[in-house]
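Novice: Before I ask anything, let me first share the structure, which is written out below as structure tokens.
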Amino acid sequence: MNYQGMHNPAHPGAVLKEFWLDGLNLSITDAAKKLGLSRKTLSHIVNQKAPITPETAMRIEIAFNSRAGLWIDMQAGYDAWQIEQRRADLEKVVTVVSWQQA
């Protein structure tokens, strides 16, 4: 799939912070306790320095009655867009393999 036509999607951690933590008036410390995560881990997620893993997505589903798949899909879309921005650099170092060559 080509993600070049997309705009830069929001990091799911930013969405978690804006719509859930801020929306529920939860501090990172309080939310981390509810999710069973360290404050440092949640801080890295909401500050867009770490991804939402499938396990974290399930924790969000349980704690906030959300859907884990939504968070996983959001992270995958974010990651795909980010790597698409580096495609030209990767094409310089990756060799295309055809079935005849393999």
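One line per residue, one yes/no per condition, for (1) among the polar types (S, T, N, Q); (2) out of contact with any helix residue (DSSP H, G or I) (no Cβ under 7 Å at 6 or more places or on another chain):
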position	(1), (2)
ARG39	no, no
SER43	yes, no
THR53	yes, yes
ARG59	no, no
SER66	yes, no
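Novice: In the range 41-85, which residue that is aromatic (Phe, Trp, Tyr) and over 9 Å from the mean Cα position of the chain (by Cα) is farthest from PRO12 (Cα to Cα)?
Specialist: PHE64
Novice: Between residues in the range 72-98 that are over 20 Å from ALA57 (Cα atoms) and residues that are surrounded by 14 or more Cβ atoms within 10 Å (Cβ to Cβ), which pairs lie under 8 Å by C-beta distance while being six or more apart or on different chains?
Specialist: The qualifying pairs are GLU84/TYR3.
Novice: Out of (1) assigned to a loop (DSSP other than H, G, I, E, B); (2) at pLDDT 95 or above; (3) not hydroxyl-bearing (Ser, Thr, Tyr), what's the single condition that is false for MET6?
Specialist: Result: MET6 fails condition (2) only.
Novice: Shifting gears a bit: Taking interchain pairs and intrachain pairs at least six residues apart, which have beta carbon atoms under 7 angstrom, with the first residue in the range 54-67 and without any contact (Cβ under 8 Å) to a residue 24 or more places away in the chain and the second of a type in the set (Phe, Trp, Tyr) and surrounded by 16 or more Cβ atoms within 10 Å (Cβ to Cβ)?
Specialist: ALA57/TRP71
Novice: Can you tell me which of (1) β-branched (Val, Ile, Thr); (2) in contact with a Lys or Arg (Cβ under 7 Å, 6 or more places away or on another chain); (3) exposed (fewer than 13 other Cβ atoms within 10 Å of the Cβ) is the one VAL94 doesn't meet?
Specialist: All conditions pass for VAL94, except number (2).
The values are calculated or read from the model by the stated rules, or taken from the named source; none is laboratory data. As the structure is a computational prediction, the values presented were derived from the model and not from experiment. So basically every Cβ, Gly included, is an ideal-geometry build from the backbone, and we count neighbours across all protein chains shown.
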